[in-house]
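The values are calculated or read from the model by the stated rules, or taken from the named source; none is laboratory data. Predicted model only: the values in this text are computed from it and were never measured. Backbone-built Cβ (ideal geometry, glycine too); neighbour counts: all protein chains shown. Accessible surface is based on the protein model in full, side chains and every heavy atom, while ligands, DNA and RNA are left aside. Shrake-Rupley method; radii C 1.70, N 1.55, O 1.52, S 1.80 Å.
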Amino acid sequence: MQATSDFSPALAATAIVRGACPHDCPDTCALLTTVENGIAIKVQGNPAHPQTGGVLCNKVSRYTERTYHPERLLSPMRRTGPKGAGQFEPVSWDTALTDIATRLKAIAARNPEAIVPYSYAGTMGQVQGESMAGRFFNRLGASFLDRTICSTAGGEGLRQTLGGKVGMRVEFFAESKLIIIWGSNSIGSNLHFWRYAQQAKRDGARLICIDPRRSETAEKCHEHIALLPGTDAALALALMRELVVHDWLDHDYIARHTLGWEPSGGSEGLRERALQWSPERAAAICGIPVEQIANLAREYGQCFIKNQPAAIRMNYGMQRVRGGGNAARAIACLPALTGAWRHRAGGVLLSSSGQFPVDHAALQRPELLAGRRPRTLNMITIGNDLLAEASPAFGPKIEALVVYNSNPVAVAPESGRVVQGFAREDLFTVVLEHFQTDTADYADYLLPATTQLEHWDTHSAYGHTDALLNRPAIAPLGQAKPNTQIFRELAAHMGFDEPCFLDSDETLCRATFGDKIDFNALLDQGFATLKLPDAPFAEGQFPTPSGKCEFFSARLQAQGLDGLPEHVANFEAAGTSADFPLAMISPPARNFLNSTFVNVKSLRDIETEPVLEMHALDAAARGIASGGVVKVFNARGEYIVKAEVSPRARPGVVHGMGIWWRKLGLAGTNVNQLTSQHLTDMGRGPVFYDCLVEVAAVHSVPDAAPSDA
């Protein structure tokens, strides 16, 4: 099959090519890549794009170091040693694809659902993500993957409350008078929002950060509320109670634009629910002073009294616990109580992705299923699922795994079981990658994929409301191919002859938004701003079934769940285990993005090594000093790492900074050795921050397990 990735190298010796950052970050920056004689020499932010403003994070500003990394995979590779040993030999594309197709055909002849795709946000691109890949797996009839590992609890909480992943426009945070940053280290993970928050601060706004960890962002805010992990809903409900008691309520907005404030049809109303949550009750659960709750409620309520905009910037850290969906619901209810939505600089933002008119059907072609309804497996439980035998409830045993845009051996929870599953000799594994990651070490075939500088793509965003186009700046290095091209060619080797497998990458880019966004504008400037109202819910009109902000969700009640937001205690709540008395969260290291960039030397040199942040009291009680090697453990496993006694940690909570590749750990593991495969209250999401551990000093570092060599 002829390559159809449509790369047209720049004719000039020097060119500047417009693109977009592909990584899992709300900012989705517009890029300019300077190319000289076919070599990318610099990547910088596009100053013409208002959301980027010419500024990039430290990670992406070094993107050429990643693209030209000496360890880039540049040819197909076939395993020659034991699984996990990382021993491979180069082979031709035809050899690799012929053998892969032969193996997949044999499995599909028995049951195509024994083949499982595994992917997430290694690229957020609509084309290099699930376009041609979706077509391939739909045509094959493979199992569906429930892609839940990041944001689905919070997303479902928003859907049940506001109607979707919608909210404020991020640029209007610059006009807010009170900004609550809830569960986000914006300096490290939402840099361009932080720019707007700083503008508001210079103009007199008060900034409050709610986060168990005293992050870089918390340090720069006027106040830090260091609540225990998984207690956010309790705090939000107590804030509601204070708003009621002091009558800091917009009664007109509540009456006209909300549902479920007062009891109805025998169901409790949110007002009654909130009155059960005194600041004293919430403070005991959250592990914070009563005064912090009372003062925060007063500041939020006074914005209503003074007719000043108050804004909440949530991020996804707060929803990676058992009650994450309920927490997002409770927080999302707050702006409707005070009528904050009346202001364009008021309301809440968790994600803007629901605003984008992405035509997923045009990209993924679900008609290729031809009426089949494959099972769905949750990516979070891949450790258990790879070890499951065939059964009527589970379906066929997993026989083949095709991994792209993800590194599950490093990022999936309870990684000891993930490794055990990937190490199965009867599992056929194909990995599309840039580098030999932890997951790649277990592959039967490694297929070299292009980076963002080498292919076409389209991007929506979840932190602003601009669509972006990425043009290839350079030709693919070595024998690397775009994901789309790999799946095109694999489809041909499988004998799939539907015309849709011949669609070029530019055709896929044009199909992403259809006629809803002017593709010529994307070609001309690299981005296009969605046409949306400044204050989307000033007069209600929420995209819920009722058109109102739904404090009470009949849809949740129909599922047997609580129709109102409630505090749902962690599976492993702080203070509930004598054996494992410390709560652990695993926030991202500032210079990594999930497990991406971990192998970029200049960034790894900044982070130096994996660490566990501990409060001085917890460290002293265990005889632990900064720089000492410790064992972090629970019933699921253990993680050997160096301790850092740090003011960033509150008593009773430790921070396993992630996500380091396992092979770079002191004993061949990382923090996900300790996390569980439990799922959230709604959205089927992960509970990475719902994890109890104990920590002990160790005097020698054990050898890495053989499978992690």
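Taken over the range 229-256, residues that are among the aromatic types (F, W, Y) and in a helix (DSSP H, G or I) amount to 1. When T34 is tested against (1) open to solvent by 50 Å² or more (accessible area, probe 1.4 Å); (2) without any contact (Cβ under 8 Å) to a residue 60 or more places away in the chain; (3) over 30 Å from T669 (Cα atoms), only condition (1) is not met. Taking the conditions exactly as written (open to solvent by less than 20 Å² (accessible area, probe 1.4 Å) and part of a loop (DSSP other than H, G, I, E, B)), does G164 satisfy them or not? When the stated conditions are applied, G164 passes them.
Pairs linking a residue in the range 482-508 that is within 13 Å of F137 (Cα to Cα) to a residue that is crowded, with 23+ Cβ neighbours inside 10 Å and among the acidic types (D, E), with Cβ atoms under 8 Å and 6 or more positions apart or on different chains, are T484/D505. Scanning the range 201-219 for residues that are in contact with a helix residue (DSSP H, G or I) (Cβ under 7 Å, 6 or more places away or on another chain), more than 20 Å from V321 (Cβ to Cβ) and without any contact (Cβ under 8 Å) to a residue 60 or more places away in the chain yields a total of 1. Could you tell me whether R72 is among the basic types (K, R) and open to solvent by 60 Å² or more (accessible area, probe 1.4 Å)? No. Filtering the range 644-656 to residues that are surrounded by 22 or more Cβ atoms within 10 Å (Cβ to Cβ) and within 13 Å of E694 (Cα to Cα) leaves V653, V654, H655, G656. For the range 657-700, the tally of residues that are assigned to a strand (DSSP E or B), open to solvent by 10 Å² or more (accessible area, probe 1.4 Å) and touching a helix residue (DSSP H, G or I) at 6+ places or on another chain (Cβ under 7 Å) stands at 0. Selection of first residues in the range 657-672 that are touching a residue at least 12 places away in the same chain (Cβ under 8 Å) and of second residues that are among the basic types (K, R), restricted to Cβ pairs under 7 Å at least 6 apart or on distinct chains, gives the following pairs, ordered by first then second residue: G668/R662; T669/R662; N670/R662. Answer with yes or no whether A274 is out of contact with any Gly (no Cβ under 9 Å at 6 or more places or on another chain), open to solvent by less than 20 Å² (accessible area, probe 1.4 Å) and of a type in the set (G, A, S). The answer is yes for A274. Exactly one residue out of D605, D618 is of a type in the set (D, E) and touching a residue at least 60 places away in the same chain (Cβ under 8 Å): that is D618.
Being touching a Leu at 6+ places or on another chain (Cβ under 9 Å), of a type outside the set (S, T, N, Q) and in a loop (DSSP other than H, G, I, E, B) is the filter here, so list the residues in the range 520-544 that pass it. Result: G526, F537, F542, P543. Under 6 Å between Cβ atoms, at least 6 apart or on separate chains: pull out the pairs that start in the range 333-345 with a residue that is closer than 16 Å to D247 by Cα and end on any residue that is buried (at least 22 other Cβ atoms within 10 Å of the Cβ) and β-branched (V, I, T). Pairs that qualify, where the first residue is closer than 16 Å to D247 by Cα and the partner is buried (at least 22 other Cβ atoms within 10 Å of the Cβ) and β-branched (V, I, T), are P335/V348; A336/T258. Taking the residues in the range 139-161 that are of a type in the set (S, T, Y) and open to solvent by 10 Å² or more (accessible area, probe 1.4 Å) as candidates, determine which candidate is nearest to the chain's Cα centre (by Cα). Only one residue fits best here, namely S151. Scanning the range 76-125 for residues that are closer than 30 Å to L469 by Cα and either assigned to a strand (DSSP E or B) or without any contact (Cβ under 8 Å) to a residue 60 or more places away in the chain (or both) yields a count of 4.
Scanning the range 569-615 for residues being open to solvent by 40 Å² or more (accessible area, probe 1.4 Å) and among the aliphatic types (A, V, I, L, M) gives a total of 4.
Taken over the range 171-212, the criterion of being among the hydrophobic types (A, V, I, L, M, F, W, C), open to solvent by 10 Å² or more (accessible area, probe 1.4 Å) and closer than 27 Å to S586 by Cα is satisfied by I187, L191, W194.
Got at least one residue in the range 46-61 being in a helix (DSSP H, G or I), among the hydrophobic types (A, V, I, L, M, F, W, C) and over 30 Å from L369 (Cα atoms)? Yes, there is a match, as at least one residue in the range 46-61 is in a helix (DSSP H, G or I), among the hydrophobic types (A, V, I, L, M, F, W, C) and over 30 Å from L369 (Cα atoms). Only residues that are farther than 30 Å from F422 by Cα and open to solvent by 50 Å² or more (accessible area, probe 1.4 Å) were counted in the range 617-643, giving 7.
Evaluate the range 349-362: report whether one residue or more is open to solvent by 20 Å² or more (accessible area, probe 1.4 Å), within 28 Å of F571 (Cα to Cα), of a type in the set (D, E, K, R) and touching a Gly at 6+ places or on another chain (Cβ under 9 Å). No. Going through the range 257-277 one residue at a time, which ones are part of a loop (DSSP other than H, G, I, E, B), within 33 Å of the chain's Cα centre (by Cα) and either of a type in the set (S, T, N, Q) or on the phi > 0 side of the Ramachandran plot (or both)? Result: G260, single match. If you go through the range 526-568 and keep only what is open to solvent by 40 Å² or more (accessible area, probe 1.4 Å), touching a residue at least 60 places away in the same chain (Cβ under 8 Å) and within 30 Å of D457 (Cα to Cα), you end up with T529, L532, D534, P543. Within the range 585-595, is there a residue that is β-branched (V, I, T), within 28 Å of P22 (Cβ to Cβ) and under 23 Å from the mean Cα position of the chain (by Cα)? Yes, the range 585-595 contains a residue that is β-branched (V, I, T), within 28 Å of P22 (Cβ to Cβ) and under 23 Å from the mean Cα position of the chain (by Cα). With respect to (1) open to solvent by 30 Å² or more (accessible area, probe 1.4 Å); (2) out of contact with any strand residue (DSSP E or B) (no Cβ under 7 Å at 6 or more places or on another chain); (3) modelled with pLDDT of 95 or more, the lone exception for A236 is condition (1).
Checked against the criterion of being touching a Phe, Trp or Tyr at 6+ places or on another chain (Cβ under 6 Å) and aliphatic (A, V, I, L, M), the candidates V654, V632, V687 yield just one match: V632. Within the range 40-75, the set of residues being in contact (Cβ under 8 Å) with a residue 24 or more places away in the chain and more than 30 Å from D441 (Cβ to Cβ) comprises N46, A48, H49, P50, Q51, T52, G53, V55, L56.
Does the range 386-406 hold any residues that are without any contact (Cβ under 8 Å) to a residue 40 or more places away in the chain and either assigned to a helix (DSSP H, G or I) or not charged (D, E, K, R) (or both), and which are they? Those that are without any contact (Cβ under 8 Å) to a residue 40 or more places away in the chain and either assigned to a helix (DSSP H, G or I) or not charged (D, E, K, R) (or both): L387, A388, A390, S391, P392, A393, F394.
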